[in-house]
1. Mind telling me which of B:GLN234, B:GLN58, B:GLN109 comes out most flexible in a GNM of chain B, alpha-carbon contacts under 10 Å?
2. For A:LYS511, list the aspartates and glutamates whose Cα falls under 13 Å from its own Cα; do not include residues on the same chain fewer than 8 positions away.
3. About its Cα centre, what dipole magnitude does the protein assembly as shown give when the only charges are +1 on Lys and Arg Cβ and -1 on Asp and Glu Cβ, stated in debye to the nearest 20?
4. Sort region B:65-188 into rounded, prolate or oblate with this rule: let a ≥ b ≥ c be the square roots of the eigenvalues of the Cα gyration tensor; rounded if a/c is under 1.5, and if a/c is not under 1.5, prolate when a/b is larger than b/c, oblate otherwise.
5. Over chain B, consider all pairs of different Cα atoms and compute the Kirkwood hydrodynamic radius from their mean reciprocal separation; express it in Å, one decimal.
6. Using a simple spin-label model with points 7 Å from Cα along the Cα→Cβ vector, what separation in nm is obtained for B:ILE356 and A:LEU60?
7. Let me test this: with uniform point scatterers at the alpha carbons of region B:331-428, what is the Debye-based log₁₀ I(q)/I(0) at q = 0.23 1/Å?
8. May I ask you to derive the relative contact order of region B:331-428, considering only C-alpha pairs under 8 Å and at least 6 residues apart, and to give it as an integer percent?
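Read the figures in this text as sums done on the coordinates, not as results from a lab. Worth saying up front: this structure is predicted, and the values here are computed from it rather than measured. Ideal geometry is used to build each Cβ from the backbone, glycine not excepted, and the neighbour counts take in all protein chains shown.
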Amino acid sequence: MSEPQRPNERSPEAEPWSARNAEQSQVKTEDVPDWSAELPGERGKSTFAQRLKAVVLEALERARAGLSMREDNFFLLLSVIIGLYAGLAVVCFRIAIDYTRLWLLGSGINPGPIRVVLVPTVAGLLLAFIVLRIFPRVKGSGVTQTKSAVYIYDGYISFDTVIGKFLTCALAIGSGQSLGPEDPSLQMGAGIASALGRRLHLSREKGRLIAPVGAAAGLAAAFNAPITAVLFVIEEVIGTWSAGILGAVVLAAVAAVVVMRLFLGAQPLFQIPPYSMAHPTELLSYAALGVLGGIMSLIFVKLLRWVRARTRRLPRWTLYLQPALAGMMIGGIGLKFPQIMGAGYEYMDQAMHGQFLWRTLVALALLKVLATSLSISSGAPGGMFAPALFVGAMVGAAVGTLQHQFFPGAAGPLGAYALVGMGTLFAGFLRAPMTSVFMVLEVSGNYSIIVPVIISNAIAYVIGRRFQQTAIFDLMTREEGLDLPSMEEGREQTTLLVENAMRKPAGLILKASDLVADAYSRLGDMTEDPLLVSYDTGRWTLVHKSALQDAARAGKGGQPLSQVLPSGRLPRLHPDQSLDLALRLIRDAPFLPVVHRADARHLVGLLSLDDILAAYRRASIIKSGAVE
Amino acid sequence: MEFSQVCPKCGRTIPQGQIVCHCSMRPRRYWLHSRETILLLCVLGLVVAFGITGFAAQLYHGRRAELARSWFDRGNAELKAGRAAAALSDFRAALVYAQRELSRDEQQQYELNFVRALIATGNSDAARSYLLDMWDRAPGNSPVNLELAHLTARMGNDADAKRYYNGAILGVWDQDAGDVLRRRLDVRLELYHYLMDRGEKTEAQAVLLAMATAIPPDPALHAQVGQLMLQAGQPQQALQQFQQALRLDSRNYEAMAGAGEADFQLGNDRDAVRYLENAIREDAQQKRRPGARANDSGSRETEQAHVVENLAIAQATLALDPSRLGLDPRERARRAIRDYDAAVIRIESCAKEHGIALPEPSRNLTPFTDAASDELAEVTLARHIEQLDPLMEFIFEMESAATENCGPPADATNAAIVRIGTRTHASHT
């Protein structure tokens, strides 16, 4: 296994390009020389070739000048281009996987016994050599690696990673390792985006953001599902909802899907009949599926962790043999159950059409978990999405088969159960609940199934979260020594609001229409200073006692406060706003008014910097208490 | 040659020993690295990439389609050779490659063959489940409905079988119009035979009637349906079909023979004779044509014999029926006496063989039955023509006794007399 990268340690190639950008982005059009100038020694004469060259260069220069645009628009255009490239790359990737499989395992669905064992073993040896010697950065599924690139390496993914991922994953999946093509597609898309971003001299901030754009494009093409890809990238890779990048991500995803559908067809991945509920009690079976899916997710995570822990303890020289050993074991299982080899989409389709007995389905689910754990832990590059979907489809189909057997009057189509099962594993194992709902809808093109999906996914997610707090991707990054943000954990953090910190308004509050003399006379022995002044327009400001005193002594006692006060405006807050915003607004003000949203003149509290800090301190005490 | 020490373009001093300023020495190629240029190159690269990917995708799809077809052909060969398990595996492989590569019709054919392989390996439940899944996706698909009909019929589920047969008849066949009509008719025929096998005659007849209204202008089909109607005991409707067939093809042998049979059953002997004579003539002409009916089975010969037999009976009926319109009493009497004579010969022969008692005529018939000669009997009967019906009843009684004890009549004369007697008896009861 590779050495874990230390946080903030940038890859050597990362720095120069971002440093170069700053200089090269400053080139201006007017600096272009006059191309019709004479070359040295040819003063006074220009040949036809030279004149032609000058004309061409000038035309290019005009085209180049015409393409100059604002950074935002340029970013969006680039997103589309990235989407197209990523889509093309994923199409070629899928074709490469298929051809590799045909070449290594033959075209039949039941390859011969020698091939089944020998091919993954020999391919595993080759894989290990390529990964360890030639493309060391292609290990893993691709999701955590892309996230690391975004948060640690300013979005840098080298192009040779893209090439290496393409070749090694095609070999791994095509030779029968129990892995999927989606995660590598995500990383390849990110890598293409990163490379294009570097060549196009994007700023550092944009360069960091361009990788997730490519990731969404790659995943969208792999799944043929743009919404799923967008949601997953936001949930897992970026970790936050950011309106600034959302448009680019969507554009790239859509462009990639258009390319994919152009070359590989627009049909949904799985065809199931339109779903309609046979009986409301049918929902109970989907709830049961959610429970089973949650349990299966836990088994998957625990087994994967266990196997990874065991393999990481082995001596370093075994890294060259681990993929081969995993391949051999998978081949051994494949002698009886060839369905567990490769991504397994065709078998998911068969499960949806009731071609397996329920015992076989359960066996396939468990064996797939084992096979995938072996493949991933061995270091073979490839993804976990397809295996998770496979396990889910088998569990779902098993539940559906039993439902048909024992409660035929309350059983929907078998394909619906398998589909919901897929979403269940997506939610429970990969911990992407929103993505899982849309994924099921997009891969089936069947909206009517949304209620069972939500029920089942929610239950599986809760079970998964209850017994395994950290999601699999986060687990894997932490095992690598990386500490990356997690949207799931972010959801757990409570946002502190103004209402958590504000104090009740006390003391004298003046009106802007009050006379200076009246206001001064009411001061009395009040210790508060400054004082709040409210305007009828809902504006608020502060006035110091000394200023009132000076105004009174200057003979302005008969004037309203609005005429003597400075025109400065005090920022106002609302109770539901975050303390983070309050911190940014308070600046030097001693406190800020907290007003009602429906009536800005209605003061509901006051908030000072001390109040804010006290609230944060209280929150951290509570959290540390909970942890203890 | 003198050179200026100051560059006219940039205003800088040209270094000693150089002819031109640095700014003119070589073009600054930074524009190659500019964002817009690279963007342009990206777009050009996209075009190339699309071309390469398109080529790769075309090869890929072609390969998959080829694999689908080759596995499908292999599966069919295995199925024909009786190796259903191997066929099943082959069809599975074919389905994997066929997805998104072949047309929907082809894929459906693959799926149906896969189902047949499932049935052949004894996986009827799995086959049913698969077919139901196909049906869920396309409930109006006729081939799927037909396959389900076959399967459920085999499983003994009559209600479902009938439902799916009707689904197949009324559903969508992805063929051209002529074939669709033919396919629908074939399914109706299948359903008819299925219902007849289960003794559901009423429903079968209803199917037959529905079929009659949906036949395309094909004389062979009309004749075929006519035959079924004859078998179902509907000679009038059968006659209509045969006549329709003859309108389309006046030399259709089956239609002629069938129309003759229908008229024969209906008692329209004159028309029956006409049709049957035409049928015999047509058959003779067809036999004379070189190479015609070289592969005829014995069924045609049997049918022809039946036609000849019916013709003889019909002709005899015409010649022997005393109740035909337009006959004078003498002629009626002559025919009746001839019928009587033939009946007597038959019953006496039967009585000798089986020792049965001969029926005794009533007293009012004895002048005719005991007359010294046929001529006398004819004359007497002609004078008392009101005794014709009782005499015919007695003849019918004799023939019935002979048929009951010695089997149906072997010759056309007695067969005709039986028919005449049956008609007379039926008209009196």
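1. Of B:GLN234, B:GLN58, B:GLN109, the Gaussian network model singles out B:GLN58 as fluctuating most.
2. List returned: A:ASP536.
3. My answer is approximately 5920 debye.
4. Because a/c hits 1.5 or more and a/b fails to exceed b/c, region B:65-188 counts as oblate.
5. 29.7
6. 11.7
7. -1.22
8. For region B:331-428, the relative contact order is 37 percent.
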